[in-house]
Amino acid sequence: MFLEVFLVGILAAMSPGPDFFVVMRNSLEFGYRVGIATAFGITLALIVHITYTILGFAYVMQAYPSLFISIKILGALYLIWLGYNAIRSAPPKNDEKLKSEVESVQNNKTLMQGFREGFLCNVLNPKAALFFLSIFSQFIKRDTTGWTHWIYGSEIIFAVGGWFVLLAILISYSKFRSLYKKYAYWFDRLLGGILIYFAIRIMVSAVKLV
(Lines give C-alpha, C1' and ligand atoms only; values in the text may rest on other atoms or scores of the structure.)
Protein backbone atom coordinates (compact mmCIF):
# COMPACT_ATOMS: atom_id res chain seq x y z
CA MET A 1 0.00 0.00 0.00
CA PHE A 2 2.82 2.41 0.82
CA LEU A 3 4.43 1.81 -2.58
CA GLU A 4 1.13 2.42 -4.35
CA VAL A 5 0.68 5.78 -2.63
CA PHE A 6 4.24 6.80 -3.60
CA LEU A 7 3.70 5.81 -7.25
CA VAL A 8 0.43 7.72 -7.41
CA GLY A 9 2.23 10.80 -6.09
CA ILE A 10 4.99 10.50 -8.70
CA LEU A 11 2.52 10.07 -11.57
CA ALA A 12 0.45 13.03 -10.40
CA ALA A 13 3.54 15.24 -10.22
CA MET A 14 4.75 14.22 -13.70
CA SER A 15 1.44 15.05 -15.35
CA PRO A 16 1.66 18.59 -16.81
CA GLY A 17 -0.23 21.14 -14.75
CA PRO A 18 0.16 24.67 -13.36
CA ASP A 19 2.90 23.61 -10.91
CA PHE A 20 4.87 21.92 -13.68
CA PHE A 21 4.84 24.97 -15.92
CA VAL A 22 5.68 27.42 -13.12
CA VAL A 23 8.73 25.36 -12.10
CA MET A 24 9.76 24.97 -15.73
CA ARG A 25 9.49 28.67 -16.53
CA ASN A 26 11.36 29.83 -13.41
CA SER A 27 14.09 27.22 -13.93
CA LEU A 28 14.62 28.18 -17.56
CA GLU A 29 14.56 31.91 -17.03
CA PHE A 30 16.38 32.25 -13.70
CA GLY A 31 18.29 29.00 -13.24
CA TYR A 32 18.08 25.96 -11.03
CA ARG A 33 18.23 27.83 -7.70
CA VAL A 34 15.06 29.75 -8.44
CA GLY A 35 13.49 26.60 -9.84
CA ILE A 36 14.32 24.70 -6.66
CA ALA A 37 12.95 27.58 -4.58
CA THR A 38 9.73 27.30 -6.57
CA ALA A 39 9.68 23.55 -5.93
CA PHE A 40 10.15 24.18 -2.19
CA GLY A 41 7.19 26.58 -2.29
CA ILE A 42 5.09 23.84 -3.87
CA THR A 43 6.30 21.39 -1.22
CA LEU A 44 5.22 23.72 1.59
CA ALA A 45 1.80 24.05 -0.05
CA LEU A 46 1.58 20.25 -0.18
CA ILE A 47 2.15 20.14 3.57
CA VAL A 48 -0.76 22.57 3.99
CA HIS A 49 -3.05 20.45 1.80
CA ILE A 50 -2.12 17.20 3.54
CA THR A 51 -2.49 18.70 7.01
CA TYR A 52 -6.01 20.02 6.54
CA THR A 53 -7.03 16.88 4.67
CA ILE A 54 -5.89 14.62 7.48
CA LEU A 55 -7.39 16.89 10.12
CA GLY A 56 -10.72 16.80 8.34
CA PHE A 57 -10.88 20.21 6.66
CA ALA A 58 -11.63 18.50 3.36
CA TYR A 59 -14.93 17.36 4.83
CA VAL A 60 -15.68 20.94 5.86
CA MET A 61 -15.22 22.00 2.24
CA GLN A 62 -17.67 19.31 1.20
CA ALA A 63 -20.19 20.53 3.76
CA TYR A 64 -19.74 24.19 2.72
CA PRO A 65 -19.50 24.26 -1.09
CA SER A 66 -19.28 28.06 -1.16
CA LEU A 67 -15.90 27.87 0.60
CA PHE A 68 -14.58 25.44 -1.99
CA ILE A 69 -15.91 27.59 -4.84
CA SER A 70 -14.14 30.62 -3.37
CA ILE A 71 -10.86 28.69 -3.29
CA LYS A 72 -11.33 27.65 -6.90
CA ILE A 73 -11.94 31.25 -8.00
CA LEU A 74 -8.93 32.56 -6.06
CA GLY A 75 -6.74 29.89 -7.62
CA ALA A 76 -8.00 30.71 -11.11
CA LEU A 77 -7.39 34.45 -10.63
CA TYR A 78 -3.84 33.81 -9.48
CA LEU A 79 -3.12 31.61 -12.50
CA ILE A 80 -4.53 34.32 -14.77
CA TRP A 81 -2.20 36.83 -13.12
CA LEU A 82 0.81 34.55 -13.69
CA GLY A 83 -0.23 33.90 -17.28
CA TYR A 84 -0.81 37.58 -17.98
CA ASN A 85 2.64 38.53 -16.68
CA ALA A 86 4.21 35.83 -18.85
CA ILE A 87 2.34 36.93 -21.99
CA ARG A 88 3.18 40.61 -21.59
CA SER A 89 6.93 40.02 -21.15
CA ALA A 90 8.91 42.12 -23.60
CA PRO A 91 11.36 40.55 -26.07
CA PRO A 92 15.04 40.97 -25.10
CA LYS A 93 17.00 43.46 -27.18
CA ASN A 94 20.27 41.61 -26.84
CA ASP A 95 21.86 38.79 -24.86
CA GLU A 96 23.92 41.07 -22.62
CA LYS A 97 20.91 43.10 -21.55
CA LEU A 98 18.91 39.94 -20.89
CA LYS A 99 21.77 38.51 -18.84
CA SER A 100 22.14 41.67 -16.74
CA GLU A 101 18.38 41.87 -16.11
CA VAL A 102 18.16 38.23 -15.07
CA GLU A 103 21.16 38.55 -12.77
CA SER A 104 19.71 41.71 -11.24
CA VAL A 105 16.40 40.01 -10.48
CA GLN A 106 18.21 36.95 -9.14
CA ASN A 107 20.38 38.96 -6.77
CA ASN A 108 17.53 41.06 -5.39
CA LYS A 109 14.42 38.97 -4.95
CA THR A 110 14.04 36.10 -7.40
CA LEU A 111 14.49 33.30 -4.86
CA MET A 112 11.70 34.60 -2.65
CA GLN A 113 9.50 35.35 -5.64
CA GLY A 114 10.03 31.83 -6.97
CA PHE A 115 9.20 30.32 -3.58
CA ARG A 116 6.07 32.48 -3.28
CA GLU A 117 4.91 31.67 -6.81
CA GLY A 118 5.31 27.95 -6.21
CA PHE A 119 3.47 28.12 -2.89
CA LEU A 120 0.55 30.22 -4.12
CA CYS A 121 0.22 28.28 -7.38
CA ASN A 122 -0.25 25.03 -5.48
CA VAL A 123 -2.04 26.14 -2.33
CA LEU A 124 -4.71 27.99 -4.37
CA ASN A 125 -5.15 25.12 -6.80
CA PRO A 126 -8.44 23.35 -5.94
CA LYS A 127 -7.34 20.29 -7.89
CA ALA A 128 -4.66 19.71 -5.27
CA ALA A 129 -7.36 19.56 -2.59
CA LEU A 130 -9.39 17.14 -4.71
CA PHE A 131 -6.29 15.05 -5.36
CA PHE A 132 -5.52 14.55 -1.68
CA LEU A 133 -9.16 13.92 -0.86
CA SER A 134 -9.31 11.22 -3.52
CA ILE A 135 -6.01 9.68 -2.40
CA PHE A 136 -6.98 9.50 1.24
CA SER A 137 -10.48 8.24 0.50
CA GLN A 138 -9.02 5.42 -1.59
CA PHE A 139 -6.15 4.28 0.62
CA ILE A 140 -7.38 5.16 4.11
CA LYS A 141 -10.01 2.97 5.77
CA ARG A 142 -11.86 3.36 9.04
CA ASP A 143 -9.40 1.10 10.83
CA THR A 144 -6.32 2.85 9.41
CA THR A 145 -4.16 4.20 12.23
CA GLY A 146 -3.40 7.90 12.56
CA TRP A 147 0.34 7.50 12.04
CA THR A 148 -0.36 5.71 8.76
CA HIS A 149 -2.21 8.81 7.53
CA TRP A 150 0.89 10.93 8.08
CA ILE A 151 3.17 8.36 6.44
CA TYR A 152 0.99 8.42 3.34
CA GLY A 153 1.07 12.21 3.36
CA SER A 154 4.86 12.27 3.80
CA GLU A 155 5.25 9.89 0.87
CA ILE A 156 3.29 12.21 -1.41
CA ILE A 157 5.26 15.25 -0.23
CA PHE A 158 8.55 13.47 -0.91
CA ALA A 159 7.43 12.14 -4.30
CA VAL A 160 5.96 15.38 -5.65
CA GLY A 161 8.48 17.76 -4.08
CA GLY A 162 11.40 15.57 -5.13
CA TRP A 163 10.17 15.41 -8.70
CA PHE A 164 9.91 19.19 -9.02
CA VAL A 165 13.39 19.69 -7.53
CA LEU A 166 14.76 17.18 -10.06
CA LEU A 167 12.85 18.92 -12.87
CA ALA A 168 14.33 22.29 -11.85
CA ILE A 169 17.87 20.88 -11.94
CA LEU A 170 17.51 19.03 -15.24
CA ILE A 171 15.73 21.75 -17.18
CA SER A 172 18.14 24.53 -16.12
CA TYR A 173 21.10 22.99 -17.93
CA SER A 174 22.90 25.44 -20.20
CA LYS A 175 21.57 23.94 -23.45
CA PHE A 176 17.97 24.25 -22.34
CA ARG A 177 18.53 27.77 -21.02
CA SER A 178 20.32 28.88 -24.21
CA LEU A 179 17.40 27.63 -26.29
CA TYR A 180 15.00 29.37 -23.94
CA LYS A 181 16.84 32.70 -24.12
CA LYS A 182 16.75 32.52 -27.90
CA TYR A 183 12.99 32.02 -28.01
CA ALA A 184 12.03 33.43 -24.59
CA TYR A 185 9.61 35.95 -26.09
CA TRP A 186 7.42 33.23 -27.60
CA PHE A 187 8.06 30.63 -24.95
CA ASP A 188 6.77 32.93 -22.22
CA ARG A 189 3.63 33.54 -24.23
CA LEU A 190 3.09 29.83 -24.72
CA LEU A 191 3.46 29.10 -21.00
CA GLY A 192 1.31 32.12 -20.15
CA GLY A 193 -1.41 30.85 -22.46
CA ILE A 194 -1.24 27.40 -20.86
CA LEU A 195 -1.59 28.89 -17.37
CA ILE A 196 -4.59 30.96 -18.47
CA TYR A 197 -6.08 27.84 -20.06
CA PHE A 198 -5.88 26.04 -16.71
CA ALA A 199 -7.42 29.09 -15.03
CA ILE A 200 -10.37 29.10 -17.44
CA ARG A 201 -10.98 25.40 -16.81
CA ILE A 202 -11.00 26.03 -13.07
CA MET A 203 -13.40 28.98 -13.53
CA VAL A 204 -15.75 26.86 -15.61
CA SER A 205 -15.77 24.08 -13.02
CA ALA A 206 -16.46 26.66 -10.29
CA VAL A 207 -19.42 28.07 -12.22
CA LYS A 208 -20.86 24.58 -12.62
CA LEU A 209 -20.85 24.20 -8.83
CA VAL A 210 -22.88 27.37 -8.26
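Quick check: anything in the stretch 49-58 surrounded by 19 or more Cβ atoms within 10 Å (Cβ to Cβ), among the hydrophobic types (A, V, I, L, M, F, W, C) and modelled with pLDDT of 80 or more? Yes.
When you check residue 129 against the structure, is it modelled with pLDDT under 75, buried (at least 20 other Cβ atoms within 10 Å of the Cβ) and out of contact with any Asp or Glu (no Cβ under 6 Å at 6 or more places or on another chain), yes or no? So residue 129 fits the description; yes. Pairs meeting the criteria (first residue in the stretch 149-175 and under 13 Å from residue 7 (Cβ atoms), second residue of a type outside the set (A, V, I, L, M, F, W, C) and in a helix (DSSP H, G or I), beta carbons under 8 Å, at least 6 apart or on different chains) are 155/9; 156/9; 158/9; 159/9; 160/9; 160/43.
Summed over the stretch 158-210, residues that are touching a Ser or Thr at 6+ places or on another chain (Cβ under 6 Å) and in a helix (DSSP H, G or I) total 4.
Restricted to the stretch 23-45, and to residues there that are of a type in the set (A, V, I, L, M) and at pLDDT below 90, the residue that is surrounded by the fewest Cβ atoms within 10 Å (Cβ to Cβ) is 24.
Which of the residues that make up the stretch 155-210 are at pLDDT below 85, within 23 Å of residue 49 (Cα to Cα) and small (Gly, Ala, Ser)? The answer is 199, 205, 206.
The values are calculated or read from the model by the stated rules, or taken from the named source; none is laboratory data. Since we're looking at a predicted model, the values are computed, not measured. Neighbour counts run over all protein chains shown; Cβ positions are idealised from the backbone, glycine included.
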